[in-house]
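The values are calculated or read from the model by the stated rules, or taken from the named source; none is laboratory data. Computed from a predicted model, the values in this text were never measured in an experiment. Glycine gets a Cβ as well: all are built from the backbone with ideal geometry, and neighbour counts include every protein chain shown. Just so you know, the surface numbers come from the protein's heavy atoms only, side chains and all, with ligands and any DNA or RNA stripped out. Shrake-Rupley method; radii C 1.70, N 1.55, O 1.52, S 1.80 Å.
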Amino acid sequence: MYMLVEKRTNSLLHLKRSPGIRSWSLCVGIASIGLAAAYYSADSLAWKLFYMAGCFFVAAQNLEQWEEAIFDKNKGTICLKTFNLYKKILTLSKGGNEQVVAVLSEVRDVNVEEEPVRYFGRGSLVVLRFVTGFSHPLTQSAVLGCRSDVEAVAKLITSFLELDRVETPQDFSQSSETEASDADEPQVQY
């Protein structure tokens, strides 16, 4: 699963993502190697603690991040939050939380892009494109094989932000006024 809808109203869209089963399996597997090495080795207690601590450290490093995306029409902001257990351990709880805040009205488009994932192939993720030309991914890591889930999240965001709306008749009348004023100007032929 790419991202789950935590809450959805007319003015708020809250999406969440937690580490997947693949990430947790890898974490438990690496941690169990450290436990097994400590349990079955005939080394001293210091070495056993070293085995366990090293494997728990590597297990935490390979765990995916917890991520949130909050689209709030009342505040007019997008808040992308990331929590990383590995960085939290390294900085002794001073780091590990990252937050990006952007203006909601500056989002121009929502796309699904593919990016290479080391050793596994290609993964998909949602990218927000802004009026300024800046692009930012919705999540920090791509998802393998679940392109339909990623496309569904992109469509949900597009419909929430009303980026897919068709021009109203009022919009057409405004554009025809500019065309009429252009017709009044003399045409120069070369």
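Brief remarks on what is shown
- Candidates are the residues of segment 75-98 that are open to solvent by 90 Å² or more (accessible area, probe 1.4 Å) and within 21 Å of Met3 (Cβ to Cβ); the one that is modelled with the highest pLDDT is Lys75.
- Restricting attention to segment 4-30 and to residues that are surrounded by 14 or more Cβ atoms within 10 Å (Cβ to Cβ) and small (Gly, Ala, Ser), the residue that is nearest to Thr77 (Cα to Cα) turns out to be Ser18.
- Scan of segment 99-153 for residues that are outside any strand (DSSP E or B), of a type outside the set (A, V, I, L, M) and more than 17 Å from Met3 (Cα to Cα), ordered by number: Ser105, Glu106, Arg118, Tyr119, Phe120, Thr132, Gly133, Phe134
- Of the criteria (1) over 18 Å from the mean Cα position of the chain (by Cα); (2) of a type in the set (A, V, I, L, M, F, W, C); (3) at pLDDT 80 or above, which one Leu125 fails: (1)
- Search result, residues across segment 2-44 that are out of contact with any helix residue (DSSP H, G or I) (no Cβ under 6 Å at 6 or more places or on another chain), of a type in the set (A, V, I, L, M, F, W, C) and within 25 Å of Asn62 (Cβ to Cβ): Leu4, Leu15, Ile21, Trp24, Leu26, Val28, Leu35, Ala36
- Filter result for Ala69 (assigned to a helix (DSSP H, G or I) and not aromatic (Phe, Trp, Tyr)): no
- In segment 82-111, the residues that are over 21 Å from Phe56 (Cβ atoms) form Cβ pairs under 6 Å with partners that are surrounded by 14 or more Cβ atoms within 10 Å (Cβ to Cβ) and charged (D, E, K, R), at six or more places apart or across chains, as follows: Thr82/Glu67; Thr82/Glu98; Gln99/Lys81; Arg108/Arg129; Asp109/Arg129.
- One residue stands out among those in segment 31-64 that are more than 30 Å from Asn97 (Cα to Cα), in a helix (DSSP H, G or I) and among the small types (Gly, Ala, Ser): the one that is most open to solvent (accessible area, probe 1.4 Å), which is Ala46.
- So Glu162, is it surrounded by 14 or more Cβ atoms within 10 Å (Cβ to Cβ) and either at pLDDT 90 or above or out of contact with any helix residue (DSSP H, G or I) (no Cβ under 7 Å at 6 or more places or on another chain) (or both): no
- Residue list for segment 130-145, restricted to those being free of Cβ contacts under 8 Å to residues at least 60 places away in the same chain and open to solvent by 50 Å² or more (accessible area, probe 1.4 Å): Val131, Thr132, Gly133, Phe134, Gly145
- Residue check for Glu115: under 19 Å from the mean Cα position of the chain (by Cα), loosely packed, with under 14 Cβ neighbours inside 10 Å, modelled with pLDDT under 90 and under 30 Å from Thr158 (Cβ atoms): yes
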